[in-house]
Amino acid sequence: MLVAALTLALLLWLLGAVLWAGGRKTLHEPGGSGIVEAIPGALEAEPSPSEELVVLSYSIAYGLGSPPSADLPGDVIALYDRLDEIIETIAASGADVVLLQEVDFASRRSADVDQLQYIAVALGWGFVARVITWECRYLPVPLWPPWRQTGRLRAGQGIISRYPLVQNRRQRLSQPPAQPLLATLFAPYRTVQMVDMQCGRRTIRLLNVQLEPHDIATRQRQAEELVTFVRQVATPNCVLMGAFQSVSATHGVSDATPDRTMEIITTGLRDRLRIVVDTHHPSAAGVSRDCLDHVLVGPGLQTVETDVVMLDKPVSDHFPLLVRLRWALPLAQPQMPIV
């Protein structure tokens, strides 16, 4: 009887520990944070609206490197070096707004640095919007050494802009169906972040997406959900970018398993958004086409240029993607009343 009671107590303790480790989440709140943050003391004044808009999408792998550094959280200097390289890449690109994926928000594994704030302050841009997609108190993968996994993990996607951001919304996508018991407590949620940016009298709708990198069936289902959502919210001045997770970025995928993710997206949105054909930098010729991400834009925008930003030391398995846009139609002038 005593052995049975001790066994039950141990099981209850273990269950409580698991629920504690995976609990206290904010990511289940409807619509995400909804918060737009202003950076105090931004170095740059809000720019005057221009005839062109430069948008950059960048998956930064939580600043941990690719593959993740085995020395973290001890190697803080290497972490800051990677973040500074990310900042230099964004600044050199001439972007007006950057859509980031895989960002840590003061997680212990990345030295408690709020990476979104750190990058925004260094750039001197005044506006930030984030959505939390991954949150727990303890991450049980890898199982050893356990002390590396303790402490808060909070991560997600973010947008940093020179121009004011006026809306921030999260649309959660489905999870892989076959997961071990309680694994969903510790797994990230794939998400579409929708932010409106005010450029003078024009409003740009930015859609920042990250799809499932490992399971093709789940990724294709998420693509269908993405199409449904975008069809509801797309505007003429709309830009859809992010980590679409094409086949070559997914390790161990057989050629016998076709990935229809981009076909689903482009076909489903062809009357809302058009996919932009990449014009690669010559140095990108040796890079597999499938490892590159994509951009889709609305009919109110004209594409001037797209470019894959090549890096000597990539920080993740995704290259930054840049698109330079112009307004397809001139801004209508307000009519003067007839006297």
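The values are calculated or read from the model by the stated rules, or taken from the named source; none is laboratory data. Computed from a predicted model, the values in this text were never measured in an experiment. Cβ atoms come from the backbone with ideal geometry, glycine included; neighbour counts cover every protein chain shown.
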Worksheet item: Here are some conditions: (1) of a type in the set (A, V, I, L, M); (2) at pLDDT 90 or above; (3) over 25 Å from residue 174 (Cβ atoms). Residue 277 meets all but one. Which one does it not meet?
Response: (2)
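Quick check, is residue 257 at pLDDT 95 or above, surrounded by fewer than 15 Cβ atoms within 10 Å (Cβ to Cβ) and among the hydroxyl-bearing types (Ser, Thr, Tyr)?
On the way: at pLDDT 95 or above: no; surrounded by fewer than 15 Cβ atoms within 10 Å (Cβ to Cβ): yes; among the hydroxyl-bearing types (Ser, Thr, Tyr): yes.
Here the answer is no, as residue 257 does not meet what is asked.
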Practice prompt. Report the residue count in the stretch 97-125 for those that are in contact (Cβ under 8 Å) with a residue 60 or more places away in the chain and crowded, with 23+ Cβ neighbours inside 10 Å.
Written response: 8
Practice prompt. For the stretch 100-116, enumerate the residues that are out of contact with any Pro (no Cβ under 8 Å at 6 or more places or on another chain) and not in a strand (DSSP E or B).
Written response: 106, 107, 112, 113, 115, 116
Worksheet item: Can you name the residue in the stretch 132-175 that is part of a strand (DSSP E or B) and among the polar types (S, T, N, Q) and, of all such residues, is modelled with the lowest pLDDT?
Response: 150
Worksheet item: Under 6 Å by Cβ, and 6 or more places apart or on different chains, what pairs join a residue from the stretch 237-248 that is more than 16 Å from residue 100 (Cβ to Cβ) with one that is modelled with pLDDT under 95 and part of a helix (DSSP H, G or I)?
Response: 246/290; 247/290; 248/290; 248/291
Response to the item:
For residue 290, the lone unmet condition from (1) modelled with pLDDT of 95 or more; (2) of a type outside the set (Val, Ile, Thr); (3) under 29 Å from residue 83 (Cβ atoms) is (1)
Discussion item. Quick test for you: out of 320, 299, 282, pick the one residue that is under 23 Å from residue 90 (Cα atoms) and modelled with pLDDT of 85 or more.
Written reply: 320
Practice prompt. From (1) farther than 27 Å from residue 120 by Cα; (2) modelled with pLDDT of 95 or more; (3) among the small types (Gly, Ala, Ser), pick out the condition that doesn't hold for residue 178.
Written response: (2)
